[in-house]
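The values are calculated or read from the model by the stated rules, or taken from the named source; none is laboratory data. The model shown is predicted, which means the values in this text are computed figures rather than measured ones. When we count neighbours, we look across all protein chains shown, and the Cβ atoms used for this are built from the backbone with ideal geometry, even at glycine. The accessibility values were calculated without ligands, DNA or RNA, using every heavy atom of the protein model including side chains. Shrake-Rupley method; radii C 1.70, N 1.55, O 1.52, S 1.80 Å.
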Amino acid sequence: MDCSSCNYSLSTISSCSVKWVAFPSKFESRRISFQNKSEFLKPNTCLGLSLLDSLQHLSNFNFKALTKSKISSWKIPCSYSCVIKCDHPQNADFPRYYSKKEKKPFPVPIVELRRAARERMKNSKGQPRRPVPPPKNGLLVKSMIPIAYNVFNARITLLNNLKKLLKVVPVHACGFCNEIHVGPVGHPFKSCRGQNANFRKGLHEWTKATLEDIFLPVEAYHLYDRLGRRISHQERYSIPRIPAVVELCIQAGVDLPDYPAKRRRKPIVRISKSEYIDADESELPDPEPEVPLKPLLTEILDSDAVAPSDVEDIAWLADQTLQAWEQMRRGAKRLMKMYPVRVCGYCPEVHVGSSGHKAQNCGAFKHQQRNGQHGWQRAVLDDLIPPRYVWHVPDINGPPLQRELRNFYGQAPAIVEMCIQAGAAIPDQYKSTMRMDVGIPLDIKEAEMVV
């Protein structure tokens, strides 16, 4: 056995040497060497003075002790070693801001897509045609139906909880641009790109934010038949538009009376790549009205949202909101792997379906050259559920953010920042962008001393 779990703490750190090792994957490793075994297994009598004690409180660190035989193969001049691995990067860059003149990058480069297409054609040459699996054959993926119901209910829970949190957590929105800030006062950074920003020298004019500022309403056309013909430009006003996440859940199996969808019980008969006919279902018995797999939640009105008064209730509500946010994003990501979602590369328009619609309503940069048509490409999770990153406030009871210390502050999604300020625990996947391990100077003079 090359390694074993280490459940001991360190009491002596004067004779240990710290070495940084780079790995190709997204985690960091720290190797600490010791001169003898007794020093490694010695129990800690002064809690808080050792290096590992300060790291044991982090949930994303793993401690492993390597045996002498394993270390001898590495030719390390010590007897025992401890490796500290971090599953998440220590610091990560903020999400890149794309101007309106730039096109969104493809999730997979075009060169890779063409190479994969050539490989598929090469492998399928001379092979018999395989049956088309669901959902491409018109049937639902049975294993995805419970996930669709969970995503739908998680979205409703998230909206209801956000309406309550907005009454206790202050959120500000700029009156000229789309930037928001979660905190007692707005941040002082000169980052406004709205109207007359030059006259205000980039400063924001903060107003009270609404739910639509925090959770962006991304809408899409509702399709009665997801395998039907594409929506034409003349039908752009006759077809209803609903939230894109709801449309994804409907296509994955959620039945809503207000938005019916065609449910096939037999796979389609494919004639060509773009032509098909529905199978004959006349010999099948009449379908019985199906009971929903899970009870669907309903969204409450803004006037019915009651803010919690107790600190414990606020923290519990924030924790439930954060769980609903993670459950919705995690489930939507799984649904997007089975049911395709398209996004325009020039504007935020989203379409849930195999191919985008033909409505010529793109108003992005140089849309006249494309006659208003969208440049459809495969969507990622942030296109369907935008996270809206905001500046992280280290201490809401402390001094406000300072303009000169901007490089020391981190960022987090607006919903996550609201839940953290309300008392929820910080998730590990957001600690890298929030820069939790970066020390913030007390003043400008101390910041100038940082190398």
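Pick out the one residue from I300, I277, I271, I314 that is at pLDDT 90 or above, surrounded by fewer than 16 Cβ atoms within 10 Å (Cβ to Cβ), over 30 Å from Y98 (Cβ atoms) and not aromatic (F, W, Y).
I300
Does V350 fit the bill of being out of contact with any Cys (no Cβ under 7 Å at 6 or more places or on another chain) and modelled with pLDDT under 95?
no
Restricting attention to the stretch 123-137, does a residue exist that is surrounded by 19 or more Cβ atoms within 10 Å (Cβ to Cβ) and of a type in the set (S, T, Y)?
No, every residue in the stretch 123-137 fails to be surrounded by 19 or more Cβ atoms within 10 Å (Cβ to Cβ) and of a type in the set (S, T, Y).
Within the stretch 424-451, how many residues turn out to be in contact with a Phe, Trp or Tyr (Cβ under 8 Å, 6 or more places away or on another chain), open to solvent by 40 Å² or more (accessible area, probe 1.4 Å) and under 24 Å from L211 (Cα atoms)?
Counting residues in the stretch 424-451 that are in contact with a Phe, Trp or Tyr (Cβ under 8 Å, 6 or more places away or on another chain), open to solvent by 40 Å² or more (accessible area, probe 1.4 Å) and under 24 Å from L211 (Cα atoms) gives 0.
For the stretch 161-267, please list each of the strands (runs of 3 or more DSSP E) lying entirely inside it that holds at least 3 residues being over 30 Å from S354 (Cβ atoms).
171-174, 180-182, 206-208
Considering only the stretch 319-371, state which residues are of a type in the set (S, T, Y) and closer than 18 Å to R226 by Cα.
Of everything in the stretch 319-371, those that are of a type in the set (S, T, Y) and closer than 18 Å to R226 by Cα turn out to be Y339, S354, S355.
Does K201 fit the bill of being of a type in the set (D, E, K, R) and in contact (Cβ under 8 Å) with a residue 12 or more places away in the chain?
It is false that K201 is of a type in the set (D, E, K, R) and in contact (Cβ under 8 Å) with a residue 12 or more places away in the chain.
G202 - would you say it is within 28 Å of N361 (Cβ to Cβ), out of contact with any strand residue (DSSP E or B) (no Cβ under 8 Å at 6 or more places or on another chain) and among the small types (G, A, S)?
No.
Looking only at the stretch 268-277, which residues are touching a strand residue (DSSP E or B) at 6+ places or on another chain (Cβ under 9 Å) and assigned to a loop (DSSP other than H, G, I, E, B)?
Once the filter is applied, which keeps residues that are touching a strand residue (DSSP E or B) at 6+ places or on another chain (Cβ under 9 Å) and assigned to a loop (DSSP other than H, G, I, E, B), the stretch 268-277 yields I268, I271.
What number goes with the only condition from (1) among the aromatic types (F, W, Y); (2) open to solvent by 70 Å² or more (accessible area, probe 1.4 Å); (3) farther than 19 Å from N91 by Cβ that W376 does not pass?
(2)
What's the number of the condition K262 fails, among (1) touching an Asp or Glu at 6+ places or on another chain (Cβ under 6 Å); (2) at pLDDT below 90?
Only one criterion in (1) touching an Asp or Glu at 6+ places or on another chain (Cβ under 6 Å); (2) at pLDDT below 90 is unmet by K262, namely (2).
So which residues in the stretch 324-347 are assigned to a helix (DSSP H, G or I), open to solvent by 60 Å² or more (accessible area, probe 1.4 Å) and touching a residue at least 24 places away in the same chain (Cβ under 8 Å), if there are any at all?
Q327, K333, R334, M338, listed by residue number.
Looking only at residues that are among the aliphatic types (A, V, I, L, M) and either touching a Ser or Thr at 6+ places or on another chain (Cβ under 7 Å) or farther than 23 Å from M328 by Cβ (or both) in the stretch 404-414, which one is surrounded by the most Cβ atoms within 10 Å (Cβ to Cβ)?
Only one residue tops the list, namely A412.
If you check N150 against the conditions, is it open to solvent by 40 Å² or more (accessible area, probe 1.4 Å), at negative phi and among the polar types (S, T, N, Q)?
yes
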